[in-house]
Protein chains: 2
Amino acid sequence: MELTATTELPHAGVIAIAGLGLIGGSLARRLTMRGRKVIAWNHRDHPYQEARQAGITCVDTVEELAQAKPDVLVLCTPLKAMPEVLAKLAPVIDGRTTLTDVGSVKGQVRDEVKAAGLNACYVGAHPMAGNEFSGYSASDPSLYDDALWAVTYDQATDYCRLLTVMDMICEGVGDRVIVLDDQTHDRAAALISHMPHVVATALANELMDTPERNIAQALAAGSWRDMTRVALTDPDRTRAMVEEDALNVSRLLHRMAERLTDMAEQLEQSAEHGDAQAQQDILDFFAMAQPYREFKAKQRQNDIVYPNRGLSIVADWRSELLESAKRGEHIVHVVSSISFEVQVRTKLS
Amino acid sequence: MELTATTELPHAGVIAIAGLGLIGGSLARRLTMRGRKVIAWNHRDHPYQEARQAGITCVDTVEELAQAKPDVLVLCTPLKAMPEVLAKLAPVIDGRTTLTDVGSVKGQVRDEVKAAGLNACYVGAHPMAGNEFSGYSASDPSLYDDALWAVTYDQATDYCRLLTVMDMICEGVGDRVIVLDDQTHDRAAALISHMPHVVATALANELMDTPERNIAQALAAGSWRDMTRVALTDPDRTRAMVEEDALNVSRLLHRMAERLTDMAEQLEQSAEHGDAQAQQDILDFFAMAQPYREFKAKQRQNDIVYPNRGLSIVADWRSELLESAKRGEHIVHVVSSISFEVQVRTKLS
């Protein structure tokens with residue numbers, strides 16, 4: 001494919017939302033507020049009265065959503081409802097509609113979209129937005145304030161459809177985007193969310209396994225509270241999330257186990273034999289994350305300004321957008337079909 | 001030793017504080033506010049003017065603290081200064097003064113106290129109080145609001161001295177106490193603080209070790225922030241804390257590594273072979289900490305009331321007070337030399 005700046009810039013003027021829960025409801029309200037036309041469907045119609053007052057057009061079936069021929073149709077349904085919704089959409093979705101979603105594991109959604117024969121019109125998406133509540137009554141357009149979305153592709157992804165979804169996110173929602181393949185997304189999500197949920201649960205299990213647990217709990221302070229907080233959330237939901245990304249999580253758990261075992265052995269060598277190499281290894285272990293500490297210290301400054309810079313696609317949009325994400329750049333505006341404005345937001349070293 | 005309720009109840013009327021940092025300064029102010037006489041020394045005299053205004057008597061040397069013959073002398077100096085301060089105190093401390101401290105690892109302090117020949121007059125103590133600041137200027141009597149102290153013994157500990165320290169804490173400071181041996185304390189502290197600090201650091205190291213770290217950081221949300229927060233604190237201080245409790249930490253790291261490895265293998269067996277036993281093991285892993293979840297949910301209720309109940313020592317104060325702590329009871333008042341009021345505060349199951 002040859003890219004030129006003269007390609008007409010795609011626009012997501014009409015957006016359909018399937019599922020008016022916390023994420024879908026907040027998205028529908030945000031897009032409406034910012035001038036996009038939104039059509040919505042929910043598996044139960046109890047949020048429709050409120051949604052209509054917010055300017056959202058509500059329809060009775062998911063098929064009607066597709067029949068309205070929106071520019072983008074966003075699946076905000078639970079992951080487990082995905083196959084059924086996709087099966088209903090497949091016969092009726094218009095060829096010009098781009099399908100996307102908000103799921104937190106992209107490989108599995110891709111497989112389900114492929115199974116429904118819809119991969120040609122699909123672009124994956126995952127907004128970093130949410131809180132501990134659920135349902136339309138908890139929805140809030142400000143949930144998307146300054147949020148980042150991961151937008152994912154595979155080898156079949158159409159670039160114009162990617163730009164359509166980016167228009168919805170950057171201009172429609174007012175958010176930032178990084179573009180990456182499904183596998184890179186799921187590896188990263190396993191590292192910063194799915195695997196740590198298992199670690200937090202293992203810590204809570206270790207507490208339950210000690211006969212002195214009531215004493216240990218008595219001594220617990222902020223560090224323990226923070227490290228086990230995610231173990232307190234619904235364990236069935238955590239388990240489902242971990243199982244959806246099972247092999248990425250298991251690979252990272254093996255790596256964590258190795259780090260902890262190494263440190264255990266070094267502490268023994270140092271304490272029992274005064275081993276100099278072990279002492280150096282312990283120093284190195286605690287020094288390693290220094291760039292992360294410095295990044296977080298900088299991030300905590302309230303007055304931090306991220307200047308915009310340009311990014312132009314030269315030849316291969318997939319690898320060039322992925323490399324941009326690896327450099328810590330977030331896309332904030334689509335300028336033309338081959339040029340973007342980016343901000344360096346997450347550069348650890 | 002035969003215990004009778006007629007033994008005169010020890011009283012900590014005059015308390016000496018060595019070290020006017022955050023912990024020592026707050027303690028000195030709290031005790032003064034609540035009517036105890038406090039004499040203090042600090043290795044530099046810059047907090048003396050403020051301390052004197054708060055009603056604290058300040059002296060120029062640590063020897064003068066001992067020569068004032070306080071009922072209790074509390075070491076609030078940094079752990080690394082302990083041997084030097086103990087060496088200065090040993091020749092001058094009065095036989096009736098009880099020595100205690102506020103260190104977070106009790107085994108090591110005990111060894112240093114023994115090396116100074118002061119174990120006969122020593123009772124270990126560790127208040128669960130603190131924040132991210134330091135120094136007298138950050139001190140605040142409310143740091144000790146509704147706080148719990150662990151008070152520790154060994155086979156040489158004098159019961160009357162233990163009661164003196166408990167009088168200082170329960171009546172002088174207005175706090176709660178659990179009584180346990182040094183080893184039980186250090187095992188529990190390793191579980192809920194020292195080991196999790198290593199785990200948080202290992203998570204941050206895993207992030208630094210991935211080429212896609214800038215992408216992973218971009219996707220990071222609340223769970224990652226909470227689980228790595230303690231890895232952001234001064235790594236040298238964390239390392240020192242972990243090394244002081246090295247063998248307890250290493251034992252727990254091996255156990256954590258085993259839990260994570262087991263879970264990794266179960267996820268592989270389940271994802272690749274649909275193994276039913278692995279699926280059951282995964283369910284069990286996520287279900288195990290349910291009593292912890294229920295305890296935390298109950299603890300979050302603001303209107304929770306803990307009724308007082310009585311606890312009487314029958315024969316062996318060491319084992320009976322330890323068993324009370326294991327039942328999740330916290331001592332809130334010393335009623336007589338063999339009877340206490342307790343509240344069940346940390347009972348996980």
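The values are calculated or read from the model by the stated rules, or taken from the named source; none is laboratory data. All values derive from a computational prediction rather than experimental measurement. Methodologically, a virtual Cβ is constructed for each residue, glycine included, from the backbone with ideal geometry; neighbour enumeration extends over all protein chains shown. The area values use the complete protein model at the heavy-atom level, side chains included, leaving out ligands, DNA and RNA. Shrake-Rupley method; radii C 1.70, N 1.55, O 1.52, S 1.80 Å.
Each residue in region B:13-48 was checked for being open to solvent by less than 20 Å² (accessible area, probe 1.4 Å) and under 21 Å from B:M82 (Cβ atoms), and 17 pass. Going by the conditions given, is B:D262 more than 11 Å from every other protein chain (Cβ to nearest Cβ) and at negative phi? Criteria not met by B:D262.
What are the residues in region B:222-247 that are polar (S, T, N, Q) and open to solvent by 30 Å² or more (accessible area, probe 1.4 Å), if any?
Once the filter is applied, which keeps residues that are polar (S, T, N, Q) and open to solvent by 30 Å² or more (accessible area, probe 1.4 Å), region B:222-247 yields only B:T233.
If you check B:L219 against the conditions, is it facing chain A (nearest Cβ under 7 Å), open to solvent by less than 20 Å² (accessible area, probe 1.4 Å) and in contact (Cβ under 8 Å) with a residue 60 or more places away in the chain? It is false that B:L219 is facing chain A (nearest Cβ under 7 Å), open to solvent by less than 20 Å² (accessible area, probe 1.4 Å) and in contact (Cβ under 8 Å) with a residue 60 or more places away in the chain. A:W149 fails exactly one of the following numbered conditions: (1) over 30 Å from B:Q266 (Cα atoms); (2) without any contact (Cβ under 8 Å) to a residue 40 or more places away in the chain; (3) part of a helix (DSSP H, G or I). What is the number of that condition? Of the numbered conditions (1) over 30 Å from B:Q266 (Cα atoms); (2) without any contact (Cβ under 8 Å) to a residue 40 or more places away in the chain; (3) part of a helix (DSSP H, G or I), the odd one out for A:W149 is (3). In region B:100-111, how many are buried (at least 19 other Cβ atoms within 10 Å of the Cβ) and out of contact with any Asp or Glu (no Cβ under 9 Å at 6 or more places or on another chain)? Adding up the residues that qualify gives 3.
Flag not set for B:A156, criterion: out of contact with any Pro (no Cβ under 6 Å at 6 or more places or on another chain) and open to solvent by less than 30 Å² (accessible area, probe 1.4 Å). When region B:304-318 is filtered for residues that are charged (D, E, K, R) and open to solvent by 80 Å² or more (accessible area, probe 1.4 Å), only B:R309 remains. Condition check for A:Q301 on (1) outside any helix (DSSP H, G or I); (2) open to solvent by less than 70 Å² (accessible area, probe 1.4 Å); (3) more than 30 Å from A:P10 (Cβ to Cβ): one failure, at (2). Pairing residues of region B:45-63 that are free of Cβ contacts under 8 Å to residues at least 40 places away in the same chain and within 13 Å of B:P141 (Cβ to Cβ) with residues that are among the hydrophobic types (A, V, I, L, M, F, W, C) and open to solvent by less than 40 Å² (accessible area, probe 1.4 Å), at Cβ distances under 7 Å and at least 6 apart in sequence or on separate chains, gives B:I56/B:A28; B:I56/B:V38; B:I56/B:A40. With respect to A:R251, determine if the residue is open to solvent by 20 Å² or more (accessible area, probe 1.4 Å), at the interface with chain B (Cβ under 7 Å from one of its Cβ atoms) and either farther than 21 Å from B:S250 by Cα or touching a Pro at 6+ places or on another chain (Cβ under 6 Å) (or both). Judged against the criteria, A:R251 is not a match. When region B:194-216 is limited to residues that are farther than 16 Å from A:L148 by Cα and among the polar types (S, T, N, Q), the one that is surrounded by the most Cβ atoms within 10 Å (Cβ to Cβ) turns out to be B:T201. Every listed requirement among (1) within 7 Å of chain B (Cβ to nearest Cβ); (2) within 17 Å of A:V105 (Cβ to Cβ); (3) in contact with an Asp or Glu (Cβ under 8 Å, 6 or more places away or on another chain) is met by A:D226 save one, (2). Considering the conditions (1) more than 17 Å from A:L99 (Cα to Cα); (2) crowded, with 24+ Cβ neighbours inside 10 Å; (3) aliphatic (A, V, I, L, M), A:V165 is excluded by exactly one of them, (1). Within region A:265-298, being buried (at least 17 other Cβ atoms within 10 Å of the Cβ), in a loop (DSSP other than H, G, I, E, B) and small (G, A, S) holds for one residue alone: A:A289.
Considering region B:299-349, and only residues there that are of a type in the set (S, T, Y) and at the interface with another protein chain (Cβ under 9 Å from one of its Cβ atoms), the residue that is nearest to B:M166 (Cα to Cα) turns out to be B:T346. Against the list (1) on the phi < 0 side of the Ramachandran plot; (2) out of contact with any Gly (no Cβ under 6 Å at 6 or more places or on another chain), the condition A:T32 fails is (2). Regarding region A:162-173, can at least one residue be identified that is in contact with an Asp or Glu (Cβ under 6 Å, 6 or more places away or on another chain), of a type in the set (D, E, K, R) and either part of a helix (DSSP H, G or I) or touching a residue at least 60 places away in the same chain (Cβ under 8 Å) (or both)? No, region A:162-173 contains no residue that is in contact with an Asp or Glu (Cβ under 6 Å, 6 or more places away or on another chain), of a type in the set (D, E, K, R) and either part of a helix (DSSP H, G or I) or touching a residue at least 60 places away in the same chain (Cβ under 8 Å) (or both).
Could you tell me whether A:V177 is outside any helix (DSSP H, G or I) and in contact (Cβ under 8 Å) with a residue 60 or more places away in the chain?
Working: outside any helix (DSSP H, G or I): yes; in contact (Cβ under 8 Å) with a residue 60 or more places away in the chain: yes.
Considered against the rule, which asks whether it is outside any helix (DSSP H, G or I) and in contact (Cβ under 8 Å) with a residue 60 or more places away in the chain, A:V177 comes out as yes.
Name the residues in region B:319-343 that are within 22 Å of A:P211 (Cβ to Cβ) and either among the acidic types (D, E) or open to solvent by less than 40 Å² (accessible area, probe 1.4 Å) (or both), would you? Across region B:319-343, the qualifying residues are B:E320, B:L321, B:L322, B:E323, B:S324, B:A325, B:G328, B:E329, B:H330, B:I331, B:V342, B:Q343. Among the residues making up region B:275-294, those that are more than 20 Å from A:E243 (Cβ to Cβ) and at the interface with chain A (Cβ under 7 Å from one of its Cβ atoms) are B:P291, B:Y292. Identification of helices (runs of 4 or more DSSP H) wholly contained in region B:7-120 with 3 or more residues that are of a type outside the set (D, E, K, R) and under 19 Å from B:C170 (Cα atoms) yields B:22-33. The residues on offer are A:S134, A:S139, and the sole one that is under 17 Å from A:L27 (Cα atoms) and open to solvent by less than 30 Å² (accessible area, probe 1.4 Å) is A:S139. All of A:E243, A:E206 fail the test of being at the interface with chain B (Cβ under 9 Å from one of its Cβ atoms), under 19 Å from the mean Cα position of the chain (by Cα) and acidic (D, E), apart from A:E243.
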